[in-house]
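Below: one structure, written as structure tokens.
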Amino acid sequence: MKKSIIIVVLLCGVLAQAQNKKWTLLECVNYALENNISVKQSELDIETAKLNKKDAFGNFLPTLNASSTLSWSIGLNQDPVTFDAINSTTRNLNGGISSSVDIYGGLSNVNQLRRSNLQILSSQYQLDNMKDNISLNVANAFVQILFNKEQLKVTLAQQEVTKQDISRTKELVDAGSLPRGDLFEIQATLASQEQLVVNAENAILLSKISLAQLLLLKDYENFDISDFDYDVPPTNILNETVQSIFEKAKEARYDLKIAKNNNEIAEYDVKIAKARLQPSLTGSYSFSSNYFTSQLFDTPNFETQISDNKSHNFFLSLNIPIFNGFSVSNNVKRAKVNLEKSRFQLEQTELDLETNVYQAFNDTKGALKAYEAAQKTLIAREEAFNYSQERYTVGLLNSFDFNQSKNSFEAAQSEVIRTKYDYIFKLKVLEFYFGLPITDLN
């Protein structure tokens, strides 16, 4: 009984700990990479590419096959001695082994093996690129939750200020210093803020669900991220030139590596196709023997026949392609077309990367300026609100103008939060192009 109680208590503790878990960005990214279905499929693509390499390596090895045939014949047969037609029942056992090896095939096997190595590398690049994109998506969803949480904090703080204003306004109305309409105006503001709180809470819930879905988690209600207070991280990335960031991006970004790798694969496809235009030479060897019995006459025993009937055969086969319905030449032309397409794709990918880096650099600078401007605006709006509040308290400002000042102050608070997290994410994207990990927001 005591053991059962202990087990139940331990299970409850584990469950409570699981429910209270606060996910960090690094944990979210790692979990997404470990459980994402597309990542698992891409990992299987690497295994397939490795098997293709084994196939390419196997083309260098000789083939070896064994065969055996046992036959019965009842009725008219040929006497193996006199070659006369006779009625008899005979049995015939044939067996042998054969082997062949490609001696020369226009270096097709060599190029196929090199191509298979590039294909493995391409599959790995595809996987790494997918992981980078997943990390970006997770970070974006994570930052969205942080923004929504900060927005809720500001909205709740604004609501508390409004409640205090209602208390002060009620005292002034009761004292006859302010008309009752001012009280109704502020009460209406409080009702609007209550709706904003509900909207902010819903925004948090939806953003949590969005991130949980990226992680393939089902327990949306208990999922939450770390409540750590994220400040704007220090960085020197904006001191770099755009060109230096672009040069680093060319080394770090997998989409460009994929395009370069695909271009090399296309070059080997041309070589493999051209190999079909060249003569090919194959060497072969076979060994065979047989055993024969008939009910009409005595035949030597099994060992004697196998020894006497053995045969060794050696072959050299030269194949010279002359005309194959244009299929070989068309395959060469088709491979050359694909090579040109891959070159254009490589050039376009590099141009796109350069555009994205310049865009990310300008976006980050713009986001920083917007954040700094929002901070200055907030300071000015806060001073204006405090001044308006003092005047309103002593009856020197009507409720309409007071609410206008308050709304401007609240909008400035929200704008600081929006520009803060917009800058943080864009900064991390720019650092990402520079080869820095995106799993840390500090």
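The values are calculated or read from the model by the stated rules, or taken from the named source; none is laboratory data. Everything numeric in this text was worked out from a predicted model, so none of it was measured. Don't worry about glycine lacking a Cβ; one is built from the backbone with ideal geometry, like all the others, and counts go over all protein chains shown.
The selection criterion, being under 53 Å from the mean Cα position of the chain (by Cα) and of a type in the set (D, E, K, R), does not hold for E171. Residues in region 138-191 that are outside any helix (DSSP H, G or I) and in contact (Cβ under 8 Å) with a residue 60 or more places away in the chain: S177, L178. Hey, can you tell me all the residues within region 223-255 that are farther than 24 Å from V29 by Cα, in a loop (DSSP other than H, G, I, E, B) and among the polar types (S, T, N, Q)? Within region 223-255, N236, T241 qualify.
Scanning region 320-333 turns up one or more residues that are touching a helix residue (DSSP H, G or I) at 6+ places or on another chain (Cβ under 9 Å) and either at pLDDT 95 or above or under 26 Å from K257 (Cα atoms) (or both).
Restricting attention to region 167-189, the residues being within 15 Å of E390 (Cα to Cα) and crowded, with 16+ Cβ neighbours inside 10 Å number 3.
If you go through region 212-227 and keep only what is more than 15 Å from K21 (Cα to Cα) and either among the aliphatic types (A, V, I, L, M) or modelled with pLDDT under 90 (or both), you end up with L214, L216. Determine if region 77-98 includes at least one residue that is acidic (D, E), touching a residue at least 40 places away in the same chain (Cβ under 8 Å) and either surrounded by fewer than 13 Cβ atoms within 10 Å (Cβ to Cβ) or not assigned by TED's automatic domain parsing to the domain that holds K260 (or both). Looking through region 77-98, at least one residue is acidic (D, E), touching a residue at least 40 places away in the same chain (Cβ under 8 Å) and either surrounded by fewer than 13 Cβ atoms within 10 Å (Cβ to Cβ) or not assigned by TED's automatic domain parsing to the domain that holds K260 (or both).
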